[in-house]
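> Before I ask anything, here is the structure I am working with.
The values are calculated or read from the model by the stated rules, or taken from the named source; none is laboratory data. Nothing here was measured: the structure is a model prediction, and the numbers come from that model. We place every Cβ from the backbone using ideal geometry, glycine too, and count neighbours over all the protein chains shown.
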Amino acid sequence: MKTLRWILLVCTVACANADSLKYETYVNARFGYAIAYPPALLVPQPEAGNGDGRIFAPRNGRGDFRVYGHFILGEQGIDDTPAAMANDAAKQCPGGRAAYRVAKPNLIAVSCETPRGIFYEKTVIRKDVAATFWAVYPKADRALWDPVVAAMARSLNPGDTY
């Protein structure tokens, strides 16, 4: 019976298409950002104690998906420019070299292959608040997660709380 449930879960997950999935929206009360996620594939975990975001656990147990907000403080000695934020995200990549890297005034995106799998991070900025979507998943699961991560990244909205 356990094997049958596992086979059904794998088939359900593997056969899922990002375009045919239903998405729900998580809105963060503290920072006001929002992101859509597919509950058929990702289970939202309790919000972080400080209210900055949450983890979305993959139902197949393979991957790490999270979203969080933070203030861009501009404190002396801290470089929080988009270029510096992109460089910081690229530290997840072998040799600090991202295969894909964008650093614009209101958008940072970085992606690469790592020993853990595919790494993707997108940050959107509004005023002094940043909202970041972060994903790591096995290379073997690209057919499943690439379109889901793309859809989630497109949906990331910084909101207008601040």
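> Would it be correct to say that Ala90 is in contact with a helix residue (DSSP H, G or I) (Cβ under 6 Å, 6 or more places away or on another chain), surrounded by 15 or more Cβ atoms within 10 Å (Cβ to Cβ) and at pLDDT below 95?
Here the answer is yes, as Ala90 does meet what is asked.
> How many residues does the stretch 121-151 contain that are in a strand (DSSP E or B) and closer than 14 Å to Pro58 by Cβ?
Total meeting the criteria: 4.
> How many of the residues making up the stretch 66-80 are touching a Leu at 6+ places or on another chain (Cβ under 8 Å) and at pLDDT 90 or above?
Adding up the residues that qualify gives 1.
> Determine which single condition Gly159 fails, assuming it passes every other condition in (1) part of a helix (DSSP H, G or I); (2) at positive phi.
(1)
> Return the residue satisfying two criteria in turn: it lies in the stretch 101-120 and is basic (Lys, Arg) and in a strand (DSSP E or B), and of such residues it is nearest to Asp160 (Cα to Cα).
Only one residue tops the list, namely Lys104.
> Mind checking whether some residue in the stretch 64-76 is among the hydrophobic types (A, V, I, L, M, F, W, C) and either touching a Pro at 6+ places or on another chain (Cβ under 6 Å) or within 16 Å of Val136 (Cα to Cα) (or both)?
Yes.
> Can you spot a residue in the stretch 86-100 that is assigned to a strand (DSSP E or B), over 23 Å from Phe56 (Cα atoms) and in contact with a strand residue (DSSP E or B) (Cβ under 7 Å, 6 or more places away or on another chain)? Walk me through it before giving the result.
Filtering the stretch 86-100 down to residues assigned to a strand (DSSP E or B) leaves 100.
Next cut, over 23 Å from Phe56 (Cα atoms) only: 100.
Those left that are additionally in contact with a strand residue (DSSP E or B) (Cβ under 7 Å, 6 or more places away or on another chain): 100.
Yes, the conditions are met somewhere in the stretch 86-100.
Condition check ((1) modelled with pLDDT of 95 or more; (2) surrounded by 12 or more Cβ atoms within 10 Å (Cβ to Cβ); (3) on the phi > 0 side of the Ramachandran plot; (4) not β-branched (Val, Ile, Thr)) across all residues:
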position: Ala14; (1), (2), (3), (4): no, no, no, yes
position: Glu47; (1), (2), (3), (4): yes, yes, no, yes
position: Asp64; (1), (2), (3), (4): yes, yes, no, yes
position: Pro82; (1), (2), (3), (4): no, yes, no, yes
